[in-house]
Amino acid sequence: MSELKQSGIDSFKHNIKSAFKSFASSFLRSGKPTSDRSRAAAVFNNFFLHVQGVKTHINTLRPAYTLGLGLISFFLLIITIISGVLLMVYYSPSIEHAYNSVKDINFVVFAGRLIRNMHKWAGEGMIIFVLLHMARVFYTSSYKNGRQFNWVIGLALLILTFGINLSGYMLPWDQLSYWALVIVANIIQSPKELTDSLGITGFFDIGGFSKELFLGGLTAGKESLTRVYLLHIMLLPIFLFIFLGVHFWRIRKDGGLTKPDVFEPKAIDAALIALPEKKGGIFPANKTYGLMELAHGKTPVVDRDVENTVLSWPNLLIAEAALFVLCLAGVIVYSFFIDAPLKELANPMIPENPAKAPWYFLGLQELLSYSAFMGGVGLPGLALLGLGLIPYLDREEQHLGIWFSNKQGKRVAIESLIASALVIIGLLAFVINFGWFRSWWPNVPQLLITLINPGNIWVGFMILWSVYVIKKTGSTRMGAIALFTMFLISYLIYTYVGTELRGPNWDFFWSRSEWPIH
Amino acid sequence: MSNEAHEKAEISRRDFLGLASLGAAVISSLTVLTGVLRMFKPNVRYEESTKFKIGKAEDFPEGTVKKLDERGLFIFSKDDGLYAISAVCTHLGCIVNQTDWGFQCPCHGSRYNEHGKVIAGPAPRNLDWHEISKTVDGILEVDTAKSVPAGTKFKLYA
């Protein structure tokens, strides 16, 4: 009996001594990643890592292929989540206190300004990097071969990124917030422009109804701020996380990122890959590729695993960690030197002149200055529809995973770039110099302007040009390249014009220094 | 032929019950969804009344223009009467500024003439004219929820 007790106490002592070790091994079930087997286990046994494959294709690790754009977008999202939760400690979502609480965050709270800047710039950075990521995915044909729907999910993520940024800058309740809220509410109401023209607003006022739901009333006030806050911190993020989860999961199910059909490793790849000591690979040695693993010498398969893949741990994870550190450092440095704007307290009586949205919406603002409905609802909707349809209208499966597909693709992209730049600049120059229908015939019916305005003409040109390219090259992929290139260029040019060349009263000025003083 | 049609029209009890319960599920879900959407439309709006008093007629001497900032309204006083023109741009709701030739919107560049008629820019409609009426106590009242045709004036001595 006493002997039994003795051994019970002994094993208890032993358990105490090894408590940390056994905790650690329960935590990291596969042990230290010292062998290929445990390195593989480290990835697939880990909840956070298992969305990635145990092995990664060398092509995926090449920085020049992905440019790390999707990952950067994701890391920026993580930075906005952490900084956003910190901002919620002091922010108060009511029209009486919102502005003062943001001022407190900026001027009183310890590190508040840095955190707010990081939140703002990481959020805006997401817009840039999500767009660039989309361009990378597009130009490497990565929306094909089973990935069609993931492209659509990516579009949803792009919209959510814009939506979260938009709802975010409405929260400080400064002049920008208030007038953005008013303008967005009126864009939501803008189908009225169409129903008015058709004379059916009386019994089908979809615009007015949506506006009231968004604002929680007829005018921008406290109910509106509560709703925008709810959108910004809860509704849109929930959708963002769900779509992001599906986005990542589908990449994994599609076998990782795209790669060229014919892949030849280059000598330069070796610099990217840390090769662990080979101690019993995870593939049995009686398989041919297992033998190849073991072979030494100057053959192309030396030190590489099956089908040009390497273990994700450490190769992929080190690259990811490095990129994250770079992102964080970039955001911190940028936020340290450049402050997020905060204007005067919201004043419902006087809009600023010019009342400009943040830069990423100024292209749309230019289109809005042609027609509220087309610029705010019609054309963005059409653009998203067009982008969403790309994988379904272009189903050619050649040249996957190659930037611009081939030489012809590069030429089409450059030609479309030049053609679209000329047409947009021409349209802009025309509108700026001569105005549009309303300036010539003040009594022109609004429906005519809604249907024929410079924005619509531009979109019509994009469609015609793409069809022309398809006809000329006999390839839908080339048409898609033309369309997407023109979309990017128009976003760029319109944004530039809206940001730099438009001044008070949305008049044209060559530079900010020419703005009238008043 | 008629026999075939007759057979097609027949539906088994199992299918009927299945379809009926599916239909019931869809209808009740839509009802719930409508209720949830209805919840977003507030029953009480904590907003200022659209109907308000602007003062006595004597407060608006002939030949003057008064801007009521808080109401987004211009009150013009001319020899043939008073009239109220909304300062809210019909494009996207910014507040227009008065100029020598009419009104100018700072947001997207809409221009209106002195009577609020669109002369340039993206505004789809002319500026609203609101009715001015006299209450029993002799004070003038405006309701910005109600528009009147352009040119409707409040005749002081009619």
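The values are calculated or read from the model by the stated rules, or taken from the named source; none is laboratory data. None of the values given here were measured: they were computed from a predicted structure. Here Cβ is always computed from backbone atoms with ideal geometry, including for glycine, and neighbour counts include all displayed protein chains.
A few points about this structure:
- Residue under evaluation A:GLY435, criteria (1) crowded, with 19+ Cβ neighbours inside 10 Å; (2) within 14 Å of chain B (Cβ to nearest Cβ), criterion not met: (1)
- Among helices (runs of 4 or more DSSP H) entirely within the range A:362-476, having at least 3 residues that are in contact (Cβ under 8 Å) with a residue 12 or more places away in the chain and over 30 Å from B:SER110 (Cβ atoms) singles out A:379-393, A:407-434, A:454-473.
- Looking only at the range A:223-250, and only at residues there that are surrounded by fewer than 19 Cβ atoms within 10 Å (Cβ to Cβ) and β-branched (Val, Ile, Thr), the one that is nearest to A:TRP179 (Cα to Cα): A:THR226
- Test result for B:ILE132, over 27 Å from A:ARG438 (Cβ atoms) and in the same structural domain as B:SER86 (by TED's automatic domain parsing): yes
- Positions within the range A:238-269 being under 20 Å from A:VAL137 (Cβ atoms) and acidic (Asp, Glu), in sequence order: A:ASP254, A:ASP261
- With respect to the conditions (1) assigned by TED's automatic domain parsing to the domain that holds A:TYR99; (2) closer than 27 Å to B:GLY72 by Cα; (3) aliphatic (A, V, I, L, M), A:ALA340 lacks only one, and its number is (2).
- Residue match in the range B:12-23 (condition: among the polar types (S, T, N, Q) and in the same structural domain as B:VAL136 (by TED's automatic domain parsing)): no
- Selection of the range A:337-360 for residues being within 18 Å of A:GLY503 (Cβ to Cβ) and either more than 13 Å from every other protein chain (Cβ to nearest Cβ) or surrounded by 22 or more Cβ atoms within 10 Å (Cβ to Cβ) (or both) yields A:PRO341, A:LYS343, A:PRO351, A:ALA355, A:PRO358, A:TRP359.
- Any hit, the range A:401-421, residues being away from chain B (no Cβ under 12 Å) and of a type in the set (Asp, Glu): yes
- Selection within the range B:103-158 - away from every other protein chain (no Cβ under 13 Å), of a type in the set (Val, Ile, Thr) and within 24 Å of A:ASP196 (Cα to Cα): B:VAL148, B:THR152
- Among the residues of the range A:408-453, those identified as at negative phi, modelled with pLDDT under 90 and not hydrophobic (A, V, I, L, M, F, W, C) are A:ASN433, A:ARG438, A:SER439, A:PRO442, A:ASN443, A:PRO445, A:GLN446, A:THR450, A:ASN453.
Okay, residues lined up against (1) in contact with a Lys or Arg (Cβ under 9 Å, 6 or more places away or on another chain); (2) in contact (Cβ under 8 Å) with a residue 60 or more places away in the chain; (3) over 30 Å from A:PHE74 (Cα atoms):
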residue: A:ILE153; (1), (2), (3): yes, yes, no
residue: A:LEU166; (1), (2), (3): no, yes, no
residue: A:ASP174; (1), (2), (3): yes, yes, no
residue: A:SER197; (1), (2), (3): no, yes, yes
residue: A:GLY202; (1), (2), (3): no, no, yes
residue: A:GLU223; (1), (2), (3): yes, no, yes
residue: A:VAL228; (1), (2), (3): no, yes, no
residue: A:ILE242; (1), (2), (3): no, no, no
residue: A:ARG250; (1), (2), (3): yes, yes, no
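- Taking the range A:497-518 as the range and being exposed (fewer than 14 other Cβ atoms within 10 Å of the Cβ) and among the basic types (Lys, Arg) as the test, only A:ARG512 passes.
- Matching option when the condition is assigned by TED's automatic domain parsing to the domain that holds A:ASN46, loosely packed, with under 11 Cβ neighbours inside 10 Å, at pLDDT 80 or above and assigned to a helix (DSSP H, G or I), among A:ALA329, A:ALA321: A:ALA329
- Counted residues, the range B:92-102 - those being within 11 Å of another protein chain (Cβ to nearest Cβ) and touching a strand residue (DSSP E or B) at 6+ places or on another chain (Cβ under 7 Å): 3
- Which listed residue, of A:GLY498, A:GLY479, is within 14 Å of chain B (Cβ to nearest Cβ), assigned to a helix (DSSP H, G or I) and either at positive phi or in contact (Cβ under 8 Å) with a residue 24 or more places away in the chain (or both): A:GLY498
- Test: A:VAL85 is at pLDDT below 95 and in a helix (DSSP H, G or I): no
- Listed conditions (1) over 23 Å from A:THR485 (Cβ atoms); (2) in contact with a helix residue (DSSP H, G or I) (Cβ under 9 Å, 6 or more places away or on another chain) are all met by A:LEU427, apart from (1).
- Hey, A:ALA220 buried (at least 16 other Cβ atoms within 10 Å of the Cβ), over 26 Å from the mean Cα position of the chain (by Cα) and more than 8 Å from every other protein chain (Cβ to nearest Cβ) or not: yes
- One residue alone among B:TRP101, B:TRP129 is surrounded by fewer than 22 Cβ atoms within 10 Å (Cβ to Cβ) and in contact (Cβ under 8 Å) with a residue 40 or more places away in the chain, and that residue is B:TRP129.
- For B:LYS67: the one exception among (1) basic (Lys, Arg); (2) farther than 16 Å from A:THR219 by Cβ; (3) modelled with pLDDT under 85: (3)
- Of the residues screened, A:ASN456 is one that is within 14 Å of chain B (Cβ to nearest Cβ), under 30 Å from A:TYR139 (Cβ atoms) and surrounded by 19 or more Cβ atoms within 10 Å (Cβ to Cβ).
- Taking (1) loosely packed, with under 10 Cβ neighbours inside 10 Å; (2) within 14 Å of another protein chain (Cβ to nearest Cβ); (3) modelled with pLDDT of 90 or more in turn, B:SER12 satisfies each apart from (2).
- Boolean, B:GLY63 is more than 26 Å from the chain's Cα centre (by Cα) and in the same structural domain as B:VAL142 (by TED's automatic domain parsing): yes
- Applying the criterion of being β-branched (Val, Ile, Thr) and assigned to a loop (DSSP other than H, G, I, E, B) to the residues of the range B:92-128, the residue that is farthest from the chain's Cα centre (by Cα) is B:THR99.
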